[in-house]
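The values are calculated or read from the model by the stated rules, or taken from the named source; none is laboratory data. Note that the structure is predicted; figures quoted are calculated from it, not measured. Glycine gets a Cβ as well: all are built from the backbone with ideal geometry, and neighbour counts include every protein chain shown. Surface areas here come from the heavy atoms of the whole protein model, side chains and all, with no ligands, DNA or RNA. Shrake-Rupley method; radii C 1.70, N 1.55, O 1.52, S 1.80 Å.
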Amino acid sequence: PQFGRQSGRDKAQRAFFATGGIGRKLSGLNWDPTIWFFYDYASGDNGSGDWNGFNEMFPLGHKYLGFIDAVQRTNIQAPNVLLTMSPAQRWNLLFWYWHFTADKQAANIKSFGGTVDQSGATSLNYGDELDIIAKYGIGPRSNILFGWSHLWRGNRLKQSGTTNDADFFYTQWTLNF
């Protein structure tokens, strides 16, 4: 929770966030799958004159809310499902699906690349994101990772004039010595 006064604004700060999850390793199945169900919530500003939007302060972006960094931890509700598995000894796979909605209709959902003005949007549906990672262990201290993420824009973004979905592809080689 965040409580107090906004310095220089003379506004009360009353905001919070919460994350809950439950998961299970599915023993006895091929590929050793593990599945998690999470729900992320961060309050949005309700326009009452006080400051009710959670201030992320030290954002870690894609560590918690999707690899595309389409949202910050403010004015957001984000149920998500994470599935990991290992189809072979050196391979690991990750699938992470997100559904993003606004907590408060009147407040923007902030992104890391710049906030799209959503002030005229009537929909709470920001969009859905799928993150996929395939990691191959080359040796005991080296691996290569391939990742792809896609954000399907929701009605909130469509009403704001955003015309395209977002894609993000990357590859990474790691050497530990």
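What net charge is computed for the residues neighbouring residue 117, neighbours being all others with C-beta under 14 Å from the C-beta of residue 117, Lys and Arg scored +1, Asp and Glu -1?
So the environment of residue 117 carries a net charge of +3.
Run the reach check for residue 110 against aspartates and glutamates, Cα to Cα strictly under 17 Å, same-chain hits fewer than 8 apart removed. What comes back?
Filter leaves 40, 45, 56, 69, 128, 129, 165.
Which residue fluctuates the most in the chain, going by a Gaussian network model with Cα springs under 10 Å, if the choices are 146, 100, 17?
146
Starting from the alpha-carbon convex hull of region 86-171, give the projected area averaged over all orientations, in nm². Show your work: numbers first, answer last.
Values: hull surface 27.0 nm².
With every direction weighted equally, the projected area is 6.8 nm².
If I compute solvent accessible area with a 1.4 Å probe over the protein chains, what percent of it on the chain is carbon and sulfur?
Answer for the chain: carbon and sulfur cover 57 percent of the accessible area.
Excluding residues fewer than 8 places away in the same chain, name every one of the lysines whose C-alpha is closer than 27 Å to that of residue 104.
Answer for residue 104, where 27 Å is the Cα cut-off: 11, 63, 158, listed by chain and number.
Rounded to the nearest whole Å², what accessible area per residue is found for the chain with the 1.4 Å probe?
Heavy-atom SASA per residue in the chain reads 58 Å².
Compute the whole-percent fraction of alpha carbon pairs in the chain spaced more than 25 Å apart.
Counting pairs separated by more than 25 Å, the tail of P(r) holds 43 percent.
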